[in-house]
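Quick notes on the structure that follows.
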Amino acid sequence: MKKKIEGWPYHDFATRLSVAVVYAFLAAIAVNFFYQPGHIYSSGLTGFAQILTTLSMQWLGHTIPVSITLFALNIPLFVLAWFKIGHKFTIFTFITVFLTSFFIHIIPETRLTDDPIICAIFGGAIMGVGIGFALKNGLSSGGLDILSITIRKKTGRSVGSISIIFNVMIMLMAGILFNWQYMFYSALSIFMSGKLTDAMYTKQRKMQVMIVTKCPDRVINSIQENMRRGITIINEAEGAYKHDKQTVLFTVVTRFELPLLESIMKETDQDAFVSISENVRILGRFYEESLD
């Protein structure tokens with residue numbers, strides 16, 4: 001039992017559980033305060049769940065709650081994640097989806113405005129912040145997030161952009177089944193959600209760093225001790241003004257790691273020249289932390 005606790009630290013569990021609660025609450029607010037009252041369809045499986053809930057009244061004569069359809073749609077993905085991704089990842093995803101369904105079920109649906117554009121913008125923004133916050137802290141909100149993360153690792157595309165591609169189907173279904181105006185409102189909401197997800201999930205944004213230093217050994221050792229990043233070394237670089245010899249180091253980090261890199265440079269060589277290029281595209285191997 002002690003080994004299991006050491007393998008799964010209590011603080012890690014508590015942190016992820018707290019993140020799951022925050023995401024679930026934000027998702028429930030987005031669905032019950034903006035999406036459902038405004039007839040706006042969300043991204044991912046939440047949007048499919050909303051569509052099934054709407055159709056259930058037409059087909060069955062009574063409404064199946066979004067909370068139930070959302071949880072049911074995620075069950076096959078729990079099985080897939082258990083065998084293909086990892087057990088810890090699946091357990092936390094199950095907890096997150098369960099809490100989301102629970103909060104959607106107990107928080108009453110409230111109409112704050114009759115303007116569907118406001119519902120689309122604020123609903124998408126709140127949902128995007130929730131998804132980005134969950135991903136930033138190593139959690140999946142379930143549904144299409146799992147597929148989006150897998151494809152991102154293969155192609156390098158951002159999670160938000162991949163989600164937008166998947167969600168075209170939801171927009172078309174909303175337009176065909178209900179009314180074409182809902183397709184445009186849902187498109188606005190999904191766009192907002194994707195952009196806020198990208199803004200929050202900084203681990204996917206890669207930055208190329210060039211360091212010109214006279215203390216290469218200290219800089220290299222500190223980076224490799226604190227960050228799992230490869231470094232390319234160019235020796236005997238010459239400054240054009242004083243013609244002094246310096247070393248140029250090249251590496252790639254994520255935006256999430258940038259504050260750590262800045263701290264390392266202050267400790268190792270405050271006089272170093274550091275140039276940072278944002279949003280670079282990587283071909284080849286680039287280490288990313290496992291979600292499990």
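So what does Lys206 come to for accessible area, using a 1.4 Å probe and Å² rounded to 10? Only protein atoms counted, so the area is about 20 Å².
Measuring how big the range 57-146 is from its alpha-carbon positions, Rg and Dmax come out at 15.1, 44 Å.
Checking the cross-link pairs Lys88/Lys136; Lys136/Lys206; Lys214/Lys242 against a 21 Å limit on the alpha carbon distance flags no pair as lying beyond it.
A straight chain from Ile165 to Arg255 at 0.36 nm per residue would run longer than the Cα-Cα distance by 30.0 nm. With the convex hull drawn over the C-alpha atoms of the range 206-278, the volume per residue is 79 Å³. The distance from the alpha carbon centre of the range 47-81 to that of the range 99-135 is 17 Å, rounded to a whole number.
So what is the relative contact order of the range 206-278, in percent, for Cα pairs below 8 Å that sit 6 or more residues apart?
Details: 113 pairs, mean separation 37.5, N = 73.
Once divided by the residue count of the range 206-278, the mean separation gives 51 percent.
Only Cα pairs under 8 Å and at least 6 apart count here; give the relative contact order of the range 36-89 as a rounded whole percent. So the answer I get is 26 percent. Computed over the range 12-201, relative contact order equals 33 percent, with contacts defined as Cα pairs under 8 Å that lie 6+ residues apart.
For the pair Met57 and Leu80 in one chain, pulling the backbone fully straight at 0.36 nm per residue adds 5.3 nm over the alpha carbon distance.
Regarding the range 12-201, what is the average projected area of its C-alpha convex hull, in nm²?
Seen from a random direction, the Cα hull of the range 12-201 projects 10.0 nm² on average.
The values are calculated or read from the model by the stated rules, or taken from the named source; none is laboratory data. Please read all numbers here as calculations on a predicted model, not as lab measurements. We work out accessible area using only protein heavy atoms, side chains counted, and drop any ligands, DNA or RNA first. Shrake-Rupley method; radii C 1.70, N 1.55, O 1.52, S 1.80 Å.
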